Amino acid sequence: MMKIAFVNGNVYLDRAWARDAVVSVEQGRIVSAQRGPEADHEADEVVDLDGGWLVPGFIDVQVNGGGGVLLNDAPTREGIATIAAAHARFGTTALLPTLISATPDVIARGLDATDEAIAAGVPGCIGIHVEGPVLNVKRRGIHSEGNLRKLDDEMVDLLTRPRAGKVLFTIAPEYLHADQARALIEAGVVLAMGHSDADYETARAAFDMGVTGVTHLFNAMSALHHRNPGMVGAALENRSAWCGLIADGYHVHPAAMRVALASRPLDRFVLVTDAMSCVGSDLTSFELDGREITVAEGRCVGADGTLAGASLDMAAAVRNAVDMAGLSVGQAVDMASVQPAEFLGLASERGVIAAGRTADFVQLDRAMAPQATWIAGERAF
C-alpha cells in the first residue's frame, strides 16, 4: 500500500477542507484518507501543495475532442486515448468522449471504441456521450442538418447493447416516446435533453419519462419567457435533474449563470467543457463535417458565427465558476467532481477523496492552475 502525504495546502477530503492529509492508495483506490500532518513521516511520497489545493479529479461528461483530435473524426481507441491524455493536463481524470450528431456507423464505431478503450485501461475513459442525432433542426446549433434523424428501432437497439462504461444520450424530448425511454433506461442509458424546441409541457413530460439531464442549459433550447416557460423554464423549475453549464463566459452570460444557480438546488448542476479538438493543442482552426471552425479569443465559431463547442478545459471552468458566478472553491469543485459522478450513477466510485473511491485527484496552485493529476493512483500529469 502506498501512502501519499499532501502538505502545506488544503485538501478537499470528502467535501470538507483539511489543512494537511495523508491518502493511502492501493490498486488504484483510496484505502484511507487521514487529516493532519502527524503521519507525514510514514508516507512513501510527500507532495508540497505550496499553499494550493488538492481536490477530487474532475469528471467531464461532454468532451468532443482534445489534443488535436475530434472524436467524430477518430472514433477509435487511439483517438479516445489522445483526447483523455490532453484533458488530464487540466485536471480531468474521468470523461465521456462525445460524438456530435453522427451517422449510425460512426456512432457504432464510437461505442465499440469506448469499450475497447476501457478494456485496454485507457486512463480516464469511463463511457461515451452520444449527443444527437435525434435533435430539432431549429436548435441544431453547429450540428450538421444532414446527420439528424429520428429515433428508430435500429438506433435504440444500438444504444441498448451491453457496454463496458456509461452511455449518455442527448435527445430532443419532442422526439422521445415513453416506450423508447423505458427501453433505454432499462438498458442503463442515461438520458439528457438538449438541442430542442420543446415547449414547457413537453420538457416536463420528458422528465416524467425518466430524463435526468439537461445538456448545456440555455444553449440550443427553447428559452424562458414569462408566458411560455419553454425548456429552460422546465429545467429551472425541476429540482432533481442535473443541468450542465458551459462556464466559458460565451455560452452563458455570467448573470444568467448566477440566476440559474440561485433558482434551483446548487447540487444539481454540473460543469462541462463541450471541448473541441483545439483544447490541449495549438490549433487555430479545424474542420467539423467539412466546415471550417475558427478558434479565436477562447471561442470556437463557424463561418456564420455559430458557436461550435468550446475552447475550454475543466480547470478553467472551475475558475470561471468561482470568478463569474461567485461560488466558493468547494462549490465549484463539487460541480466538476461529485455532482457529475452522481449524475452518471458513479458516486460510490468517484467524485470525492474518501476511502473506497478511485484514487483520482488534481493538485491546483494558488491561482487554481493544475500542477499534477493522478488517475487511479498513477501520476498522469
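Look at residue 318 and say whether it is more than 23 Å from residue 166 (Cβ to Cβ), of a type in the set (A, V, I, L, M, F, W, C) and touching a Phe, Trp or Tyr at 6+ places or on another chain (Cβ under 8 Å). First the steps, then the outcome.
Working: more than 23 Å from residue 166 (Cβ to Cβ): no; of a type in the set (A, V, I, L, M, F, W, C): yes; touching a Phe, Trp or Tyr at 6+ places or on another chain (Cβ under 8 Å): yes.
Criteria not met by residue 318.
Each row is one residue, and each column tells you yes or no for (1) under 16 Å from residue 99 (Cα atoms); (2) β-branched (Val, Ile, Thr); (3) in contact with an Asp or Glu (Cβ under 6 Å, 6 or more places away or on another chain).
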site: 123; (1), (2), (3): no, no, no
site: 126; (1), (2), (3): yes, yes, no
site: 132; (1), (2), (3): yes, no, no
site: 136; (1), (2), (3): no, no, yes
site: 141; (1), (2), (3): yes, no, no
site: 146; (1), (2), (3): yes, no, no
site: 154; (1), (2), (3): no, no, no
site: 160; (1), (2), (3): no, yes, no
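Of the conditions (1) closer than 24 Å to residue 83 by Cα; (2) open to solvent by 30 Å² or more (accessible area, probe 1.4 Å); (3) acidic (Asp, Glu), residue 237 fails just one. Which one is it?
Failed condition: (1).
Mind listing just one residue for me: the one in segment 40-72 that is of a type outside the set (A, V, I, L, M), assigned to a loop (DSSP other than H, G, I, E, B) and out of contact with any Leu (no Cβ under 9 Å at 6 or more places or on another chain) and, of those, surrounded by the most Cβ atoms within 10 Å (Cβ to Cβ)? Reasoning before the result, please.
Taking segment 40-72 and keeping what is of a type outside the set (A, V, I, L, M), we get 40-42, 44-45, 48, 50-53, 56-58, 60, 62, 64-68, 72.
Those left that are additionally assigned to a loop (DSSP other than H, G, I, E, B): 44, 50-52, 57, 64, 67-68, 72.
Still in the list and also out of contact with any Leu (no Cβ under 9 Å at 6 or more places or on another chain): 44, 50-51, 57, 67.
Details: 44: 11, 50: 12, 51: 10, 57: 28, 67: 20.
Among residues in segment 40-72 that are of a type outside the set (A, V, I, L, M), assigned to a loop (DSSP other than H, G, I, E, B) and out of contact with any Leu (no Cβ under 9 Å at 6 or more places or on another chain), the one surrounded by the most Cβ atoms within 10 Å (Cβ to Cβ) is 57.
Could you list all residues from segment 146-189 that are open to solvent by less than 60 Å² (accessible area, probe 1.4 Å), closer than 30 Å to residue 225 by Cα and touching a Phe, Trp or Tyr at 6+ places or on another chain (Cβ under 7 Å)?
Selection gives 151 alone.
Among the residues of segment 121-145, count how many are crowded, with 18+ Cβ neighbours inside 10 Å and either among the acidic types (Asp, Glu) or without any contact (Cβ under 8 Å) to a residue 60 or more places away in the chain (or both).
8
Filter segment 82-108 for residues that are of a type outside the set (S, T, N, Q) and either assigned to a loop (DSSP other than H, G, I, E, B) or surrounded by fewer than 21 Cβ atoms within 10 Å (Cβ to Cβ) (or both) and give the result. Give the steps one after another, and end with the answer.
Taking segment 82-108 and keeping what is of a type outside the set (S, T, N, Q), we get 83-91, 94-97, 99-100, 102, 104-108.
Answer for segment 82-108, where residues must be of a type outside the set (S, T, N, Q) and either assigned to a loop (DSSP other than H, G, I, E, B) or surrounded by fewer than 21 Cβ atoms within 10 Å (Cβ to Cβ) (or both): 85, 89, 90, 91, 102, 104, 105, 106, 108.
Can you find, within segment 324-363, the residue that is farthest from residue 18 (Cα to Cα) among those that are more than 17 Å from the chain's Cα centre (by Cα) and free of Cβ contacts under 8 Å to residues at least 24 places away in the same chain?
Top of the filtered list is 348.
Residues being touching a residue at least 60 places away in the same chain (Cβ under 8 Å) and either assigned to a loop (DSSP other than H, G, I, E, B) or more than 24 Å from the chain's Cα centre (by Cα) (or both): count how many of those fall in segment 168-209.
Of the residues in that region, 4 qualify.
Which residue, of 243, 300, is surrounded by 19 or more Cβ atoms within 10 Å (Cβ to Cβ), on the phi < 0 side of the Ramachandran plot and in contact with a Lys or Arg (Cβ under 7 Å, 6 or more places away or on another chain)?
Of 243, 300, the one residue that is surrounded by 19 or more Cβ atoms within 10 Å (Cβ to Cβ), on the phi < 0 side of the Ramachandran plot and in contact with a Lys or Arg (Cβ under 7 Å, 6 or more places away or on another chain) is 243.
Residues being touching a residue at least 40 places away in the same chain (Cβ under 8 Å) and either assigned to a loop (DSSP other than H, G, I, E, B) or basic (Lys, Arg) (or both): count how many of those fall in segment 150-167.
Number satisfying all stated conditions: 5.
The values are calculated or read from the model by the stated rules, or taken from the named source; none is laboratory data. Since this is a predicted model, take the numbers as computed values, not measurements. Neighbour counts run over all protein chains shown; Cβ positions are idealised from the backbone, glycine included. The protein model used for the area step is the full one, side chains on, heavy atoms only, and it has no ligands, DNA or RNA in it. Shrake-Rupley method; radii C 1.70, N 1.55, O 1.52, S 1.80 Å.
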